[in-house]
Structures are given as structure tokens and as C-alpha cells.
Amino acid sequence: MKRLIGLALLTGTLAVTAQQYKTYPEQMERLNRGIVALPAQQNGIFVSWRLLGTDPKGTTFDLLRDGKTIAKGLNVTNYTDKKGKATSQYSVVEHTPGITPTTAASEQATGGVAPWSDLYLSMAVDRPQGGTTPDGRSFEYRPNDCSAGDVDGDGHYELLLKWDPSNSRDNSHDGYTGSVIIDCYNLPNGQSTDGKYRWRLNLGPNIRAGAHYTQFMVYDLDRDGRAELVCKTAPGSVDGTGRYVTEAADDPAIRNADNTADYRTERGRINSGPEYLTVFDGLTGRALHTIWYRPNRAFGWQTAADYDKDGWGDRGFAGNRGERYLACVAWLDGPQQRPCVVMCRGYYTPSHLWAVDFDGSKLHTKWYHASVSPSEYYVEDSQGQQHWQRGLAATAYGQGAHSLAVGDVDGDGCDEITYGSAAIDNDGRLLYSTGLGHGDATHLSDLDPDRPGLEFFMVHEQRPYGADLRDACTGERLWYETARDDTGRGVAADIDGQHRGFEFWHIFNRAVRNIKGNVISDQLPSCNFRIYWDGDLQDELLANRGQRPYFPSFIEKWDGQRANPLPLSNGKLLYEMGNSVSNNWTKATPCLQADLFGDWREELILWDSSDASHLNIFTTNIPTEYAVPTLMHDNIYRLSIVWQNVAYNQPPHLGYYLPDAVK
């Protein structure tokens, strides 16, 4: 059963109510106020901080500058201090109703935070040295996907950064790549401005670099208050303390592996050798436990195997369809139990999902789903018993996307996994399959607030192509449109406040539709990320200029008919700030977009193309009259941040319809 959590602050406050807030308190991380200050739009300093999903009704705030109160009883979480200076220090005191300030255990001055000097903060990162591949080609490293997790339990997120070698490859292309490297840094916001380097993983020569290979999951899996990292590893992978990950295994065959072996072929592919799954301590990067990855390249387990080209349906060469990985974290048993990491392999043909529990010491299989054909699948439980379903119209076979999403779509308090055109129930069984096939982009949220439950929008790159909108619980088709070709990009976002619910569009029909499918404009906006940036309740859109070799970014604002670039408060566009660029051209994906600190609007992390040694962190300085709990305390949004780095990155969404939830 769902439990509705919410806030309603003092009279006159525009705050989230319990109307559609579907997150359990056990799922809400312990976070501090995340106060941040930066130059205001005109004069002074703009300050914002978190409202928490656990804050009692009626919580208010005092804002202090240099230890003196400058605003009392605020029931919003941002303030423009017109007398603020670059040398000012800011802190926030919370007031909990019914508890006097002298005895309030929850009242605290948070911060002593100095303002940023600009509208973004430039964070130095330790760029790895490039190298040379066995065929004599040189490569260098650039920042790529990031994730966020509180690795030390202090209520402030740290940043996990994956470095991308310049020779990273799509699975359909041959060629050697550099090693995959993942760093952990302190995340600066004003309280901690050093961006201090913590540790580094080097996954070694036997993990190929590219968007579809390494999906790294950062989350508190054992519920000890500190985040772990989980990813696929191999012989030669080194943890954050300099140890081989094989040293963290119980299995003698893993412990005795040859960590000097190089399994790359002359085409630069890795079609043989052991495959592992490793969980790392987020605080130190130390490998805590390593087990065999499931399934291996030949659909087995607990052994190395050569790639089964025919089984994966590859044409012409080995190492494509079976090397497509996805991953997520889900509360499969509900909020009273531990969340699980779900590692996924394949979606063009066989689809395999492996749910793994981490108890703080060891990794254990919870269940294993294998859609082995279009009409049959089996689920293997934790005891190794297989349960088959046959004679189905469609399974998850051939139905996955280059992304996935997680949420409680059936209202039982446990998370399900939307796997492209299919959905997997929390116990590993197939919830449904629409049979519409593979696609690139997917969006899960309460897209239609006038229908019960959640909806799912997806575009398709298999005939008859096009896009569909469906009920996320039942798979019922609510809207469907075919297209003449691979429909690679599409978006669902609430960009127009004149229409209830989300709007949606895709690249093969220049129509923007409301949630009922009616055309409201023929001016196509960007087809990439949505973002909360200004002070209203609608989404803005993240886009880029598409200028090679790098891809400078900007934000679009919908005006009811078309999308226009949204200037920052200094009149410049986002892409003019510090050479800030996205990770690729066609998708305009940032290193990370998430509500990392400050009020409920989102932060944006891009990399600096001037030296590839800095990340530029943006946060808004636009005032808002709305008080919304941190988006990270909404379960669907928080788990969206976990899977955002997966394959073709997709934007995060809330699990509720924000305009209805704000009073």
C-alpha cells in the first residue's frame, strides 16, 4: 500500500501538500540544509537552502548574515539579501512548531557559507594522464557522467565522476579504448568549496569504455547512512586503495585470477575472460565484495565464458548486443527493507535482469529474470528455483531501451522497473509487455494528473517506429503514433502551464501535444533534458548548440508557442559561462543534473572544454515563491539520479505532478 507524505507550511505559503507525494520517510536520506549563496540578479546576494521531506508542518526559517538575523519566520527557502556582500557569511536557523527555540533539538544554525563569486562554481578535478593503445594510437581523458551520494554520512553529497577516454566506443564499432576511471570528490557548494579528491577506481583493460558498458550505481544499499558504489569489473580492476577487486572475493577462482591478463582482441573487443560485480565502500573506494557477474557472455554464471554471438543475435561480429548493459536501484521489498541494485544485460534480443542485495558485507542474488524468447521467460529465486512462463504474446525480449526507470507503478509500496516497452514487477516477474519494441528515450512520472497512477512515454527505433504513451501499471496504450524512421529522441515534460499535465513531442513529428494528444504547437523544442530553473512550476529545457568538437549548453523556456533561450541574470546564456559543454552532441546530456543543494530547483554540472580539468557547477539565482521539499526526498526522482548515468542518459522526473501538489 502507498503511504502519502507531504508538507503544508504557514498560511499563505505555497508548499507541497500530501496530495501526490508518494515517498516513505524511510527512503529519505538524512540531508543537511545545503545552504548556498551567490550573486543576486541585481544587487546583493541570493541565498537558498533545503526544505526537507521530513520537516514538520509549519517549519519556518531565520536567515543570518555574519551571525545576525536579517530575516525571520521565512516560509520559503530562498531570500535575496540586497545588503549582502562578497565577504558575507550566511547561515539558516530552522524553527519547528510547538518547540521553543531554547529547547528545540532540531533548531540549528547551518552554514557559515560564503557566496560564490559568479553564477557558477568552477571545480578542479584530477584529470588522468592519457595513454597509447596496443595499436599505437594515443588517447586522452575528458570528464563524463557523474553521480551523487553521501559517502561519509554528513548529510552532504559527494560527487562520483567517470572519466571518458577520447577513444571510447559504441558497441557497434571496433577499436581499442582507454581504461574506465571513476573518481570520488567532495562536492563544493559554499560549505565545502575545496572539491577535495578522495579516491580513484581504475577498471583496467578488460572493461571497454563507452556509454553502454559501465553503469555505476551510487546509493546507500545497506542503510548504514553512507553510499556505496556498484559496477561491473574484471581481472585487472583496481579499487580506491590500490588493491585488485579480486582480493575482495570469497570464490577461490576469482581470488586466483590472473590480473595481468589482457582479454582484448585485435579488434579491441573483449569477448572472453572472467566478468565480475563489485561493491565498493563509498568512503574509501575499497572493494568490499566481488562475485561473478550474471549472466556471463554465454548466459551462464560462476565461470568465465566466450561470447555467444548466435545467442545474442549479433550479425557479422561478436560483442554488440550482448554487451549492452543497464542498471538501477529499486526498493523491491518496500521501504522497511534494503534497496537492491538491479544489473541488466541485453535488450535488442534476450533481456536479463539480476537483482542483488548488499547486506553491508556480502552481495546476494535476490532474483534473476531471463526473457529468453518473445514468448517465454523465467524467474530464478534466491534459492535457485526457476519459475517459467510460456506462450506469452510478448516478454521483455527485444523490448528494452537505452535507458530504464524505477517507481512503484502498481501501488503496492514496492518499486517496479520500466524496461522499455516492458515492465518487471518487484518480484522479478513480467508485469506486462506492450510488444512495441526497442527505443532510445523514456519518461516516467505522473504525466496525466487526472488519471490514477503513473504514466510512461517512450519513442521507438523499431518498425513501425514512432512513440507511445501508456499506463505505467497496466501497459494500456493511451496514445500512439507511428513514424517513417527511427524515432531516436522524444521528451515528456510539463512546459506549458496553460495545459494540465505534461506535454510531449518527438523528432519525427514537429508537433507539441498536450497530455490528451491534442496538438498545441508546431514549433518543436529541444529533445533532450528538462530542468527546474526559474521560479515557476513548469519545466525548462536543456539544449546545446551542436558545435563540434564540443557542444556548448543553454536553457530554453517555452512561451506557449515556441522555446526560446533563457538568459541568465547577467544576460549571458549558459554556454557562454566557462566553456561549459555537454557530454555529446545529439543528446545534450550534462555530467549530472540533480537537486544537489539549495532550494528545490536543480543544479547542473557540465565540463569545461578549455582544459578538461574542471567541472562547472551551476545553480539558479532566480527567486521563487514556492516552498517545495528537496526533490531528492521524492523516491522516483532520487532513483532517477542513480540511473541517470546509464547508457543514453535521460532526465529525472518527480513521482508527482508539481502544480497540483503546490497549494
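Near Ala234, within a Cβ-to-Cβ distance under 12 Å, what is the net charge of the other residues, with Lys and Arg +1 and Asp and Glu -1?
Spelling it out: positives minus negatives among the neighbours equals +1.
Looking at (i) 26.4; (ii) 27.7; (iii) 25.1, which value of Kirkwood radius over Cα pairs in Å comes from a calculation on the structure shown?
Step by step, Kirkwood radius over Cα pairs in Å for this structure corresponds to label (iii).
How much length, in nm to one decimal, is gained on full extension between Leu573 and Thr132, taken as 0.36 nm per residue of separation minus their Cα-Cα distance?
155.0 nm
Tell me the per residue accessible area of region 126-216 using a 1.4 Å probe; a whole number in Å² is fine.
For region 126-216, the per-residue accessible area is 32 Å².
Amide H of Cys473 versus every other amide H placed in the peptide plane: which residues, excluding those fewer than 5 positions away on the same chain, fall under 5 Å?
For Cys473, the qualifying residues are Leu454.
Roughly speaking, what is the centre-to-centre gap between region 600-615 and region 356-418 when only Cα atoms are used, to the nearest Å?
Centre-to-centre (Cα) distance: 36 Å.
Roughly how many Å is it from the Cα centre of region 40-85 to that of region 265-294, as a whole number?
46 Å
Between Thr586 and Glu140, what length in nm is gained on full extension when 0.36 nm per residue of separation is reduced by their alpha carbon distance? Each step should come with its number before you reach the end.
Values: separation 446, 0.36 × 446 = 160.56 nm, distance 2.19 nm.
Between Thr586 and Glu140, full extension yields an extra 158.4 nm.
Note down the net charge around Asp440, summing +1 for each Lys or Arg and -1 for each Asp or Glu among other residues with Cβ under 10 Å from its Cβ.
Within the 10 Å Cβ shell, the charges total 0.
GluC sites (Glu not before Pro), restricted to region 213-309: which are DSSP loop and have at most 13 other Cβ atoms within 10 Å?
Glu266
At a Förster distance of 41 Å, what's the computed FRET efficiency of Arg451 paired with Ser172, Cβ-Cβ distance as r, to 0.05? Don't jump to the answer; show the numbers that get you there.
Numbers: r = 39 Å, r/R0 = 0.94.
After rounding to 0.05, the efficiency reads 0.60.
Report the residues of region 471-510 in range of a label on Gln523: point 7 Å along Cα→C-beta, backbone N strictly under 14 Å from it.
Under cut-off, by backbone N: 496.
How do the peptides 209-216, 62-69 rank, highest first, by the average count of neighbouring beta carbon atoms within 10 Å per residue?
Going by the mean number of other Cβ atoms within 10 Å, highest first, we get 209-216, 62-69.
How much area per residue is accessible in region 506-545 when the probe is 1.4 Å and only protein heavy atoms are counted (Å²)?
Per residue, region 506-545 has 33 Å² of solvent-accessible surface.
Taking the Cα centre of region 387-480 as origin, work out the dipole magnitude from +1 charges on Lys and Arg Cβ and -1 charges on Asp and Glu Cβ, in debye rounded to 20.
Value, rounded to 20: 540 debye.
Taking R0 as 51 Å, what's the FRET efficiency between Gln302 and Asp152 from their Cβ-Cβ distance, rounded to 0.05?
Computed FRET efficiency for Gln302 and Asp152: 0.90.
Would you mind computing, in nm to one decimal, how far apart the modelled labels at Asp559 and Glu266 are, each placed 7 Å from Cα along Cα→Cβ?
About 6.0 nm separates the two model spin labels.
Given Cβ point charges of +1 (Lys, Arg) and -1 (Asp, Glu) and nothing else, what value in debye, to the nearest 20, does the dipole of the chain about its Cα centre take?
Computed about the Cα centre, the dipole is about 860 debye.
In whole Hz and in residue order, list the ³J(HN,Hα) couplings for region 359-371 that follow from phi through the Karplus curve 6.51 cos²θ - 1.76 cosθ + 1.60, θ = phi - 60°; x for Gly and Pro.
9, x, 10, 10, 8, 9, 5, 9, 7, 9, 9, 10, 8
Give me the distance between the Cα centres of region 632-663 and region 174-234, rounded to whole Å.
Cα centroid to Cα centroid, the span is 21 Å.
Kindly provide the trypsin sites (Lys or Arg not before Pro) of region 311-363 that DSSP labels as loop, not H, G, I, E or B, and whose Cβ sees at most 16 other Cβ atoms within 10 Å. Working shown, then result.
Numbers: sites: Arg315, Arg321, Arg324, Arg345, Lys362; in loops: Arg315, Arg324, Lys362.
Qualifying residues, ordered by number: Arg315, Lys362.
Rounded to a whole number, what % of the accessible area of region 527-615 do carbon and sulfur atoms account for, probe 1.4 Å?
Ligands and nucleic acids excluded, carbon and sulfur reach 45 percent.
Please report the relative contact order for region 330-429, taking Cα pairs under 8 Å with a sequence separation of at least 6, and give it as a percent rounded to a whole number.
25 percent
To one decimal place, what Kirkwood hydrodynamic radius in Å is obtained for region 435-548 from all pairs of distinct Cα atoms? Mind showing how you got there, number by number?
Details: mean 1/r = 0.0695 Å⁻¹.
Final number for the Kirkwood radius of region 435-548 is 14.4 Å.
Quick one: Kirkwood hydrodynamic radius for region 194-323, alpha-carbon pairs, angstrom, one decimal?
Over region 194-323, the inverse of the mean reciprocal pair distance is 15.4 Å.
Roughly what % of DSSP beta bridges within the chain run antiparallel, to the nearest 5? Each step should come with its number before you reach the end.
Numbers: 145 of 149 bridges.
Restricted to the chain, the bridges split so that about 95 percent are antiparallel.
Greater than 30 Å separation of Cα atoms is the criterion. Which listed pairs, Lys309/Lys366; Lys72/Lys572; Lys82/Lys196; Lys162/Lys516; Lys72/Lys557, meet it?
Lys72/Lys572; Lys82/Lys196; Lys162/Lys516; Lys72/Lys557
Assuming a viscosity of 0.890 mPa s and a temperature of 25 °C, what translational diffusion coefficient in µm² per second does Stokes-Einstein assign to region 246-294, Rh being the Kirkwood radius over Cα pairs?
Details: Rh = 12.1 Å.
After rounding, the answer is 203 µm²/s.
For region 65-184, what is Rg from Cα atoms divided by 2.2 N^0.38 Å, rounded to two decimals?
1.70
Between Ser373 and Ala124, what FRET efficiency follows from the Cβ-Cβ distance if R0 is 51 Å, with the result rounded to 0.05?
The calculated FRET efficiency here is 0.50.
How large a share of the accessible area of region 378-522, in percent, is made up of carbon and sulfur atoms when the probe is 1.4 Å and the other protein chains stay in place?
Exposed carbon and sulfur together represent 41 percent of the surface.
Could you work out how much longer the chain between Asp258 and Arg429 gets when fully extended? Use 0.36 nm per residue separation minus the Cα distance between them, nm to one decimal.
57.8 nm
In whole percent, how big is the carbon plus sulfur part of the accessible area of region 213-286, probe 1.4 Å, protein atoms only?
Of all accessible area on region 213-286, carbon and sulfur atoms account for 44 percent.
At what distance in nm do the modelled label points of Ser382 and Glu247 sit from each other, each positioned 7 Å from its Cα along Cα→Cβ?
So the two model labels end up 3.1 nm from each other.
Place the peptides 499-507, 143-151, 518-526 in order of packing, highest mean first, counting for every residue the other Cβ atoms within 10 Å and averaging per peptide.
In descending order of packing, they fall as 143-151, 499-507, 518-526.
In nm, give the distance between the simple-model label positions of Trp479 and Ala114, each being 7 Å from the Cα along the Cα-to-Cβ direction.
Taking the simple label geometry, Trp479 and Ala114 are separated by 5.0 nm.
The values are calculated or read from the model by the stated rules, or taken from the named source; none is laboratory data. Small disclaimer: the values here were computed from a predicted structure and weren't measured. Backbone-built Cβ (ideal geometry, glycine too); neighbour counts: all protein chains shown. Note: areas computed on protein heavy atoms with side chains; ligands, DNA, RNA excluded. Shrake-Rupley method; radii C 1.70, N 1.55, O 1.52, S 1.80 Å.
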